[in-house]
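Here is the structure we will look at.
The values are calculated or read from the model by the stated rules, or taken from the named source; none is laboratory data. Quantities reported herein were computed from a predicted structural model and do not represent experimental measurements. Quick reminder, even Gly has a Cβ in these numbers, built from the backbone with ideal geometry, and neighbours come from all protein chains shown. For accessibility, only protein heavy atoms count, side chains too; no ligands or nucleic acids. Shrake-Rupley method; radii C 1.70, N 1.55, O 1.52, S 1.80 Å.
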Amino acid sequence: MHSRHFLMAGTCALLLSGLATNAEADDLTLCWASWDPANALVELSKDFEAQSGHSMNFEFVPWPNFADRMLNELNSGGKLCDLMIGDSQWIGGSAENGHYVKLNDFFEAEDIKMSDFIDATVAGYSEWPKNTPNYWALPAFGDVVGWTYRKDWFERPELQAEFQEKYGRDLDAPETFAELKDIAEFFQGRDIDGTTVYGASIYTERGSEGITMGAMDVLYSYGFLYENPEQAYDMEGFVNSEGAVAGLEYYKELYDCCTPPGSSNGYMSEGIDAFKSGQVAMQMNFAFTWPGFENDANVGNGKTGYFVNPKGPNGDQFAQLGGQGISVVSYSEKQDAALEYIKWFAKPEVQAKWWEMGGFSCLKSVTLAPDFPQSQPYAQTFLDSMAVVKDFWAEPSYAILLQDTQRRFHDYVVAGNGTAKEALDGLVRDWTETFEDDGKL
């Protein structure tokens, strides 16, 4: 702990004096998940290499293995990663266990203001404890669960007429979960151009975080709360409220009525495949998938539409936060150069290019620019979605909390065991036990 703070002070002094830049060329390794945005970051980082003289190496791990691989690296004090774009849920454990360098002094020295970034991403990716000005990452990639739909199917006159006759409203992007279910049922088993299609692709994966991200995406808008707003870790009646129960029941109904065959263990990649191959009318997925759809031969060129996670029965509307911040790993022997990278990455012109290349910038000067909503077909949906985000626990014990949620949700939604109330009651017991073990109850 003390040595890290000493290093931090020395780093800031070097950067302020300008001596660190180009003083010594380093080979930096940045660790992240293996996905399209990572490929875009490789291209973007060539500008940093040219300007700084440092060389960038990248260690990308597929999402299903990302957390295990990288958390093991951090927990072992490994020196593989100089920079880590870690998941939002890791921030508590990484801060408390000393894995990340605290960035407050560096941000102050370099005039990097957290108020310049989307508020939800600062809270979600950078802060620990939450809602305190203690920063362990720079918001790097804004992400949120939203929906895509086959706009070209929705616009067919014969389907418009049939839907209007049956439901008394236009076939359009749903505003409520009730409307979404109607649309999913309307398309389920329908023949489109000689192919049987299905209503919706939703998250059901059990092994990592999939079904939690999907079900929570619904439960928030039905009234689920992680804890009593007046008393931390008081969960009875909030996690398992009547609204939360209704939300989990809805998620199971949607799974039972309106998903393609073989949808019992699907997450991001399965959703992408289902949508691109023309299996489904609607698809739940993180926003990072959207640029790929725009460029796809089957669903690009105006065939795909985008909508914010719908409203619940009482008009509440929230969406599951995804995304990550970029941190300096405390075990790195190249912290000066790593901080140079973060300084470069935070620049408005770099962030603007990041958005153009398919990265989801969190910088307000990019996302609040007058021309931003017109910059991509999904840009306005991204903005509207980021305005209503909530996130899973970011506690140091998040992995245990997540495993419990995965098991409870999958056993009920997919396996059909018990009731939604029993699943959520069980979750309260599980989480209570974990927080008791942590000394927080």
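If the condition is being free of Cβ contacts under 8 Å to residues at least 60 places away in the same chain, buried (at least 16 other Cβ atoms within 10 Å of the Cβ) and either of a type in the set (Val, Ile, Thr) or not in a helix (DSSP H, G or I) (or both), then segment 69-84 contributes only Leu80.
Scanning segment 162-215 for residues that are part of a loop (DSSP other than H, G, I, E, B), small (Gly, Ala, Ser) and under 29 Å from the mean Cα position of the chain (by Cα) yields a total of 3. Filtering segment 238-251 for residues that are surrounded by fewer than 23 Cβ atoms within 10 Å (Cβ to Cβ) and under 26 Å from Gly278 (Cα atoms) leaves a non-empty set. For segment 30-57, the candidate set comprises residues that are over 15 Å from Gln324 (Cβ atoms) and of a type in the set (Asp, Glu); within that set, the residue that is most open to solvent (accessible area, probe 1.4 Å) is Glu43.
From Glu127, Glu227, Glu175, Glu205, grab the single residue that is open to solvent by 10 Å² or more (accessible area, probe 1.4 Å) and under 26 Å from Gly302 (Cα atoms).
Selected residue: Glu175, the only one of Glu127, Glu227, Glu175, Glu205 that is open to solvent by 10 Å² or more (accessible area, probe 1.4 Å) and under 26 Å from Gly302 (Cα atoms).
Hey, does segment 297-316 have a residue that's assigned to a helix (DSSP H, G or I) and buried (at least 16 other Cβ atoms within 10 Å of the Cβ)? For segment 297-316, residues assigned to a helix (DSSP H, G or I) and buried (at least 16 other Cβ atoms within 10 Å of the Cβ): absent.
For segment 75-89, the set of residues classified as within 22 Å of the chain's Cα centre (by Cα) and at pLDDT 95 or above consists of Cys81, Leu83, Met84, Ile85, Gly86, listed by residue number. The residues listed here are Phe66, Phe60; of these, the one that is in contact with a strand residue (DSSP E or B) (Cβ under 6 Å, 6 or more places away or on another chain), surrounded by 14 or more Cβ atoms within 10 Å (Cβ to Cβ), in a helix (DSSP H, G or I) and not assigned by TED's automatic domain parsing to the domain that holds Gly266 is Phe66. Take the residues of segment 85-118 that are open to solvent by 60 Å² or more (accessible area, probe 1.4 Å) and in contact with a helix residue (DSSP H, G or I) (Cβ under 6 Å, 6 or more places away or on another chain): which is farthest from Glu340 (Cα to Cα)? Here the answer is Asp116.
Candidates in segment 332-386 are the residues that are part of a helix (DSSP H, G or I) and small (Gly, Ala, Ser); of these, the one that is nearest to Lys151 (Cα to Cα) is Ala379.
Pairs are defined by a Cβ separation below 6 Å, a sequence spacing of at least 6 or placement on different chains, a first member in segment 30-49 that is over 20 Å from Ala287 (Cα atoms) and modelled with pLDDT of 95 or more, and a second member that is among the charged types (D, E, K, R) and in a strand (DSSP E or B); the pairs so defined are Cys31/Glu59.
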